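The values are calculated or read from the model by the stated rules, or taken from the named source; none is laboratory data. Note that the structure is a prediction, hence the values are computed from the model and not measured.
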Amino acid sequence: MSKILMGVIGAMAVTGYAYYFLTVAPLKVQNQELRDMNTAQQLTIETQKDTISSIQNNLKVAQESLTTLSTQNQQYESQMAEYLDIFRRHNLAQLASAKPGLITKKANARTQEVFDAIEADTQRISNLNN
């Protein structure tokens with residue numbers, strides 16, 4: 001009887017080990033793999049949230065810059081309309097023939113001012129991109 005009992009106990013031990021080796025051990029490995037994947041996905045989600053936040057902040061800055069540029073553009077257009085109105089009201093050909101040096105000096109000075117303003121605006125816009 002004790003041989004049968006030892007045989008049954010041995011068979012149960014072998015069966016228990018086989019069950020552990022074939023079922024429990026792979027589940028532990030799979031569980032660890034799933035934990036690693038979960039950690040990686042959480043890190044990816046945090047990175048994506050940071051990226052979205054950064055993009056939203058950049059969008060706000062771009063919208064503010066666009067609003068500022070739009071306002072400045074309206075001011076420049078109103079100035080342009082004023083200058084064009086001045087040119088419409090004056091006969092520059094008659095004034096140029098009466099005082100040839102006056103028109104040339106004023107036109108060159110104003111043209112230089114406009115070029116300087118355009119250059120300053122271009123540099124400011126270029127610095128916004130950096």
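Listed by position, the helices (runs of 4 or more DSSP H) enclosed by the range 1-106 that each have at least 2 residues that are within 26 Å of Thr122 (Cα to Cα) and of a type in the set (Ser, Thr, Tyr) are 25-89. For Lys3, the conditions (1) charged (D, E, K, R); (2) modelled with pLDDT of 85 or more; (3) over 43 Å from the mean Cα position of the chain (by Cα) all hold with the exception of (2).
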